[in-house]
Amino acid sequence: MMKKNVHNPLALTVFIVFFLLAGIGHCLEGTEYQIKGAMMINFIKFVEWPDHVILDSNGKITIGIIGANLFGNTLDPIEGKSVGGKQLSIRYITSLNQLSGCQVLFVGASEPHLCYQVLRKVSGMPVLTIGEDDDFTRMGGIIRFFNEKNHIRFEINQTAALKSDLKLSAKLLEIAAAIY
């Protein structure tokens, strides 16, 4: 895989403006998981799912959270809200049998042993996978959060996104720290 480093301050500024326009920019100065929550929600605006996925879910995007809920109540206010014309729903997942019906899956750092199993189970399905494990994108995850100099950054496995039939906006790709 080819790794492309992208460090574009202008692109990052544009992305932050999108956060502010979305009304959740205040999260950028919050805790690590408030910031990750805001970023995760905003990723939805920059991802295009196949039409049948949105039709089958009645225009709803369900975000599945796997592992310890380090978000606290950060995601509670978005339940039922609309982002990019899609109604959001949050589901806390305690079993691999509960993955179906989720268009976004976040695999927390508390569940490194589940990463491979989750990614294998949704491989090739139109599910935006987001995780924190160091090997998340190498295992086939689409977006991985990581800390760099006290800043939350993300990398993208574009090959995994394409295999999942998801189209990532050029704006999202432009501000990723790395693209595989």
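Tabulated values for the structure
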| read-out | value |
| --- | --- |
| Length added when fully stretched, Lys81-Asn150, from 0.36 nm per residue minus Cα-Cα | 21.8 nm |
| Net length gained if the chain between Tyr116 and Ser169 were fully extended (0.36 nm per residue, minus Cα distance) | 16.5 nm |
| Residues of region 122-136 with amide N under 15 Å of a point placed 7 Å along Cα→Cβ from Ala68 | 132-133 |
| Estimated inter-spin distance, Leu96 and Val53, nm [label 7 Å along Cα→Cβ] | 2.1 |
| Neighbour net charge for Gly141 - beta-carbon separation under 10 angstrom, K R +1, D E -1 | -2 |
| Whole-Hz couplings from phi, Karplus 6.51/-1.76/1.60, listed for region 113-128; x for Gly and Pro | 5, 8, 3, 4, 5, 5, 5, 5, 5, 9, 4, x, 8, x, 10, 7 |
| Whole-percent pair-distance distribution, where bins are 10 Å wide, for the alpha carbons of region 74-114 | 22, 51, 24, 2 |
| For region 4-179: relative contact order, % (alpha-carbon pairs under 8 angstrom, 6 or more apart) | 24 |
| Among the listed pairs Lys81/Lys171; Lys86/Lys121; Lys121/Lys171; Lys86/Lys163; Lys45/Lys86, those beyond 20 Å (Cα-Cα) | Lys81/Lys171; Lys86/Lys121; Lys121/Lys171; Lys86/Lys163 |
| In Hz, Karplus ³J(HN,Hα) per residue of region 36-51 (6.51, -1.76, 1.60; θ = phi - 60°; x = Gly, Pro) | 4, x, 5, 5, 4, 5, 6, 4, 4, 5, 10, 10, 10, 8, x, 3 |
| Principal axis box of region 4-179, alpha-carbon based, largest edge first, Å | 40, 33, 31 |
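Every number here is computed from the coordinates shown, using simple stated rules; none is lab data. Being a predicted model, the structure only gives us computed values, none of them experimental. Virtual Cβ from ideal backbone geometry, glycine too; neighbours counted across all protein chains shown.
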